[in-house]
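Computed from the coordinates by the stated procedures, all read-outs in this text should not be read as laboratory data. Since we're looking at a predicted model, the values are computed, not measured. Here the Cβ positions follow ideal geometry from the backbone for every residue, glycine too, while neighbour counts run over all protein chains shown.
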Amino acid sequence: MKIVQYSKKSYFLNNYLNSTDKYYYMPRYSYNLDDFIIKLLLMSPEKRLKIIRRMYNILPNAEQKAAFALLYIYGLRPAELLELKQSNFQQLNDNTLRVFLPTKKGGKTRIIDLNINETPFLKETWEFIKSRPWKIFPRWNHVSILNNTIFKTIYEVLGINISPYAFRHYRLSFIMYNGGDVHEVAAWKGASDIRSVMPYLRFKPVSKFKRKIS
């Protein structure tokens with residue numbers, strides 16, 4: 001399967017909801033996602049969710065919507081997404097969905113509990129997962145499919161040029177930015193070595209460090 005290579009002159013959002021604004025330049029093959037992450041972190045929750053929901057809504061079918069939602073919610077590696085099975089998920093009660101996420105790179109299995117009714121996209125994604133008795137995405141055998149479907153559509157329709165890894169880095173940065181520490185980020189990441197989460201410390205606001213400056 002041919003991997004789509006998007007133009008390096010594509011743009012990302014700069015106050016995306018205002019169509020009169022210029023988009024922010026972000027080359028497709030740049031692995032520096034700081035600008036993308038910072039723009040999302042600095043938005044109000046309402047505005048951020050509106051942008052994410054618009055990406056979600058332009059996807060053509062339930063399968064692609066579920067894949068997008070799982071990447072966004074859990075910050076999965078693309079390869080981890082494609083290995084997910086229905087047996088990885090367990091509904092504990094009317095409100096709580098537990099997921100056991102094996103780490104593709106040999107780290108620790110993550111156990112994450114989220115509220116089905118309060119987490120964006122999770123309720124409809126859980127309904128889709130329940131319709132798949134074994135692997136959730138049995139037709140997808142390579143991560144390039146994500147680029148050729150979901151992220152190609154987002155780029156062509158909305159002009160937002162991101163990779164399947166973007167939401168992984170965003171989710172870990174979001175935890176740190178909102179008061180998490182390296183241990184919480186490591187647990188969410190499934191890291192076996194806490195040093196691997198140190199780069200996310202740069203997203204922790206100085207005001208949240210417990211230190212007086214004299």
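Quick notes on this structure:
- Cβ crowding within 10 Å ranks Arg110, Arg195, Arg48 as Arg195, Arg48, Arg110, fewest other Cβ atoms first.
- Counting only Cβ charges, +1 for Lys and Arg and -1 for Asp and Glu, the dipole size of the stretch 11-202 around its Cα centre is about 360 debye.
- Rounded to the nearest Hz, the phi-derived 3J(HN,Hα) couplings of the stretch 146-157 under the Karplus curve 6.51 cos²θ - 1.76 cosθ + 1.60 (θ = phi - 60°) are 5, 5, 7, 10, 4, 7, 5, 4, 4, 5, 5, 8, where x marks glycine and proline.
- Paramagnetic reach from Asn115 (point 7 Å along Cα→Cβ, amide N under 18 Å) across the stretch 63-99: 73-74, 91-99
- For Ala191, distant residues with modelled amide H under 5 Å away: Lys108
- Calculated FRET value between Arg132 and Thr103, using beta carbons and R₀ = 25 Å, to 0.05: 0.70
- A crude spin-label estimate for the pair Glu184 and Ser87, with each label 7 Å from Cα along the Cβ direction, gives 3.3 nm.
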